[in-house]
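These notes concern the structure reproduced below.
Rule-based calculations on the coordinates, nothing more; no lab input. This is a predicted model, so every value here is computed, not measured. Here Cβ is always computed from backbone atoms with ideal geometry, including for glycine, and neighbour counts include all displayed protein chains.
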Amino acid sequence: MIKTQWDYTKLAETYALRPEYAPAAIDAMVSIAEVCTGDQVCDIGAGVGHLTIPLLEREFRVIAVEPNDAMRQRGIERTRPFEKVQWYEATGESTQQEDSSFDLVTFGSSFNVCDRSKALRESARLLKPRRWFACMWNHRNLNDPIQAGIEAIIERALGKYDYGTRREDQTEVINQSNLFGPVVRLEADVVHRQGVDECIAAWRSHGTLQRQAGTKFDQVIDAIEDYLRSNSNSSILVPFTTRIWMAQLKPQGEI
């Protein structure tokens, strides 16, 4: 396994329980990028396939790049029904793929764990002329009463909690690369119904929380579990917004 700054090995089993991206957001991205059936997409930091699978369902050929063995193996298992996918052990900064060979390069909840400047340069190298880069995340609606209660638990345990670059506007870092044209932002809401057990398991896959909580991680998860079981029925509705930042590769003469 390639060594990266963050190790997701212990999170892989529960990571599949995390929410899917809003289909409307994926459809809008595909429309703007003008990718068609059979076009080749490089999905970087593919994890267990949350973005890889909807790309395959839209009949693209997908190269899924994932450095973590456990995550990649889970992704391979989840994408077995699809023929047009290949998995590779590599990073977002060095994918080991050929120059100018992709119609779209995507980062699903993974751009924030890369060196973003290097990942943008790698994306530009991979893309065919005038093709598109896209990065995206699912952001929980923190104004929802249940989610606000969870945030309060985290803040009481850890004090200030920093979501890092995953909740930042990615426009500036993309513009600073000088590799891409104007940034297009897309948003679409999606609500996921989760069983309480599934919701707790999904929280156990939360890498950002695990990194910041350190030895308090299990304590925080236990508090979230107590809260959900005392305030919820067997399932809860979790509102998310899928946010996408995408940009078209500039012509070679403009870079």
The answer for the net charge of residues other than CYS199 whose Cβ lies under 12 angstrom from its Cβ, with Lys and Arg +1 and Asp and Glu -1, is +2
Under 5 Å from the placed amide H of ALA22, counting only residues 5+ away or on other chains, we find THR242
In the neighbourhood of THR37 defined by beta carbon distances under 13 Å, the net charge of the other residues (Lys, Arg +1; Asp, Glu -1) is -2
With a Förster distance of 41 angstrom and the Cβ-Cβ distance between GLN252 and ASP218, calculated FRET efficiency to the nearest 0.05 equals 0.20
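Mean separation of Cα pairs under 8 Å and 6+ residues apart, divided by the residue count of region 98-255: what relative contact order is that in percent?
It comes to 36 percent, rounded to a whole number.
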Note, THR242: beta-carbon cut-off 12 Å, +1 each Lys/Arg, -1 each Asp/Glu, net -1
Pseudo-spin-label distance GLU155 to ASP189, built 7 Å along Cα→Cβ, given in nm, is 2.2 nm
Answer in debye to the nearest 20: the dipole magnitude of region 29-115 about its Cα centre, from +1 Lys/Arg and -1 Asp/Glu charges placed on Cβ, is 380 debye
Whole-Hz Karplus couplings 3J(HN,Hα) for region 146-160, θ = phi - 60° and coefficients 6.51, -1.76, 1.60, Gly and Pro as x, run 5, 5, 5, x, 5, 4, 5, 4, 5, 5, 5, 7, 10, x, 5
So SER94 and ARG121, fully extended at 0.36 nm per residue minus their Cα-Cα distance, gain in nm 8.7 nm
With +1 at each Lys and Arg Cβ and -1 at each Asp and Glu Cβ, the charge dipole magnitude of the chain around its Cα centre, to the nearest 20 debye, comes out at 280 debye
